[in-house]
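Heads up: the structure comes next, in structure tokens.
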Amino acid sequence: MDIYEQIVLLRREGRRGAVATITNVRGSIPSFQTAKMLVRDDGSIVGTIGGGCVEAEVWQAAREVMEEEKPRSLTFNLNNNPKYDTGLVCGGTLEVFIEPVLPPALLYIFGAGHVAYNLYKVATIAGFDVVVVDDREAYANRERFPEAREVIARDFELATSQLNLPESSYIVIVTRGHRDDMRVLRWALNAHARYLGMIGSRRKTIAIYKELEKEGIPAELFKDVHAPVGLEIGAVTPEEIAVAIVAEMIAVRRHAATNVASKTYVYPPSAATAHDEQDAIVEEESRNS
């Protein structure tokens with residue numbers, strides 16, 4: 001199998017992997033400089049860098065690289081370490097560079113109103129592939145979202161029933177009303193996306209959670225929902241809210257700790273917060289009627 005074709009296929013399927021390349025060789029080794037090996041997220045491999053103990057260690061490091069999403073360099077001195085003496089090695093030193101293979105950052109925006117439009121623009125600039133879903137053709141169309149990967153104008157429940165999201169996906173729920181937000185959230189809680197956010201005040205969020213609990217959905221599923229969505233930067237306008245949301249997604253994407261608070265909170269909360277009134281104003285101003 002061609003390793004480059006397999007990398008393209010892996011990314012197209014929304015999966016992760018890591019590529020190991022021999023970058024430097026001194027002396028005799030059981031392979032050659034530029035030899036490559038792809039390690040997929042299921043542990044399978046394509047190609048080889050020579051087999052034996054070196055390849056086993058590189059395989060393990062590749063698994064860690066794809067989890068951490070950060071490249072790594074390894075050096076193996078085959079002369080001085082007896083564990084590499086398999087009878088196939090004459091001795092030498094090789095350096096291996098391992099880089100992650102990551103799927104495109106795919107963002108599903110449910111809703112096509114003011115916040116959704118600005119979110120699409122900011123997220124596209126930040127390198128996200130965007131899919132827009134809304135039940136109104138007047139809003140969900142190519143004229144409004146020309147650079148989106150896909151624009152789906154369909155009833156939300158019908159649209160979600162036909163979607164098969166990779167676990168690396170990002171989901172942001174910004175529909176025009178609470179009822180549709182709840183319909184999408186009901187589905188999204190079991191989509192196992194990397195990021196799930198929903199717009200709205202804390203009061204509205206709690207009301208939706210309670211309704212879903214009545215349907216038998218466990219409260220523990222709400223702990224990873226970013227709601228109200230976005231970093232707490234005092235955003236008010238649709239443009240500012242879009243920036244706050246994308247900033248939060250980037251922090252998740254890059255495994256970055258931030259000293260700006262996320263608006264994810266423990267459910268059920270112990271008491272109402274001082275932000276409730278402001279959140280309610282933001283919510284009403286940011287939605288389309």
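When the residues of the stretch 11-47 are narrowed to those that are among the aliphatic types (A, V, I, L, M) and at pLDDT below 90, which ends up surrounded by the fewest Cβ atoms within 10 Å (Cβ to Cβ)? It comes out as VAL25. Checked across the stretch 209-224, the condition of being surrounded by fewer than 21 Cβ atoms within 10 Å (Cβ to Cβ), among the acidic types (Asp, Glu), within 21 Å of the chain's Cα centre (by Cα) and not in a loop (DSSP other than H, G, I, E, B) holds for at least one residue.
The condition (being on the phi > 0 side of the Ramachandran plot and modelled with pLDDT of 95 or more) is satisfied by just one residue among GLY92, GLY111, GLY87: GLY111. Within the stretch 116-169, the set of residues being within 20 Å of the chain's Cα centre (by Cα), aliphatic (A, V, I, L, M), outside any loop (DSSP other than H, G, I, E, B) and crowded, with 16+ Cβ neighbours inside 10 Å comprises ALA116, LEU119, VAL122, ALA123, VAL130, VAL131, VAL132, VAL133, VAL151. Among the conditions (1) surrounded by 15 or more Cβ atoms within 10 Å (Cβ to Cβ); (2) modelled with pLDDT of 90 or more; (3) in the same structural domain as LEU38 (by TED's automatic domain parsing), the only one that PRO71 does not satisfy is (1).
Of all the residues in the stretch 1-37, those that are within 17 Å of GLU55 (Cα to Cα) and more than 21 Å from the chain's Cα centre (by Cα) number 17.
Look at VAL65 and say whether it is within 26 Å of PRO104 (Cβ to Cβ) and not aromatic (Phe, Trp, Tyr). It is true that VAL65 is within 26 Å of PRO104 (Cβ to Cβ) and not aromatic (Phe, Trp, Tyr).
The values are calculated or read from the model by the stated rules, or taken from the named source; none is laboratory data. Bear in mind the structure is a predicted one, so any value in this text is a computation, not a measurement. Note that each Cβ is placed from the backbone with ideal geometry, even for glycine, and that neighbours are counted across all protein chains shown.
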